[in-house]
Amino acid sequence: MNNRHSGNSGHDTTAPGEREYPIEEQDLSEEQNEHLTTSLRAVRNNAAAPPALQDLARKMLGGRLALKDVLDDPAGHRALTEGLAGLGDQWRSMSPQDRQTVRTAVAEGADERAAGRG
């Protein structure tokens, strides 16, 4: 089935029996939904991301939590505020060269995904 095929070239850490859905928020454009889905997958698969943030990504990708409900969910709110603060600290501690390497990798990944859909 199509849900089992993933355009994600990295390794996928979806738990056995856990389904994944692309984000389809009505208030977002198709491109924004695709970017959000890709970003959530990256957080879920990033071993350096805080576990609460990874769990939030799993809930959203699994269709158990909608974007509009994230801040109303106590665990979601906590994960976002604490997780983003930690990621911001990591980003600020990186050298300018390392930041540029990350930016380049993200841009190249987006270009590859766009080319695969074109």
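The values are calculated or read from the model by the stated rules, or taken from the named source; none is laboratory data. In this text the structure is predicted, and so the values were computed from the model without any measurement. Virtual Cβ from ideal backbone geometry, glycine too; neighbours counted across all protein chains shown.
Looking at region 19-36, is at least one residue within 16 Å of the chain's Cα centre (by Cα), at pLDDT 90 or above and exposed (fewer than 11 other Cβ atoms within 10 Å of the Cβ)? Within region 19-36 (the criterion being within 16 Å of the chain's Cα centre (by Cα), at pLDDT 90 or above and exposed (fewer than 11 other Cβ atoms within 10 Å of the Cβ)), the answer is yes, since at least one residue qualifies. Report whether or not ARG44 is outside any helix (DSSP H, G or I), modelled with pLDDT of 90 or more and either under 13 Å from the mean Cα position of the chain (by Cα) or of a type outside the set (Asp, Glu) (or both). Spelling it out, it is not the case that ARG44 is outside any helix (DSSP H, G or I), modelled with pLDDT of 90 or more and either under 13 Å from the mean Cα position of the chain (by Cα) or of a type outside the set (Asp, Glu) (or both). Within region 48-58, the presence of a residue that is farther than 21 Å from VAL106 by Cα, in a loop (DSSP other than H, G, I, E, B) and either of a type outside the set (Ser, Thr, Tyr) or modelled with pLDDT under 90 (or both) is excluded. Yes or no: region 36-55 includes at least one residue that is hydroxyl-bearing (Ser, Thr, Tyr) and touching a Pro at 6+ places or on another chain (Cβ under 7 Å). Among the residues of region 36-55, at least one is hydroxyl-bearing (Ser, Thr, Tyr) and touching a Pro at 6+ places or on another chain (Cβ under 7 Å), which makes the answer yes.
Would you confirm, using the coordinates I've provided, whether GLN97 is part of a helix (DSSP H, G or I), without any contact (Cβ under 8 Å) to a residue 12 or more places away in the chain and not charged (D, E, K, R)? Against the criterion (part of a helix (DSSP H, G or I), without any contact (Cβ under 8 Å) to a residue 12 or more places away in the chain and not charged (D, E, K, R)), GLN97 qualifies. Residues in region 62-76 that are out of contact with any Asp or Glu (no Cβ under 8 Å at 6 or more places or on another chain) and exposed (fewer than 12 other Cβ atoms within 10 Å of the Cβ) were compared, and the one that is nearest to ARG41 (Cα to Cα) is LEU71.
When ALA47, ALA79 are checked against the criterion of being exposed (fewer than 13 other Cβ atoms within 10 Å of the Cβ) and either among the hydrophobic types (A, V, I, L, M, F, W, C) or within 26 Å of ALA114 (Cα to Cα) (or both), ALA47 stands alone in meeting it. Out of GLY83, GLY88, GLY116, I need the residue that is touching a residue at least 24 places away in the same chain (Cβ under 8 Å) and either out of contact with any helix residue (DSSP H, G or I) (no Cβ under 6 Å at 6 or more places or on another chain) or under 16 Å from ILE23 (Cα atoms) (or both). Which one? Exactly one residue qualifies, and that residue is GLY116.
What are the residues in region 83-118 that are surrounded by 11 or more Cβ atoms within 10 Å (Cβ to Cβ), at pLDDT 85 or above and closer than 21 Å to GLU31 by Cα, if any? Of everything in region 83-118, just one residue is surrounded by 11 or more Cβ atoms within 10 Å (Cβ to Cβ), at pLDDT 85 or above and closer than 21 Å to GLU31 by Cα, namely VAL102.
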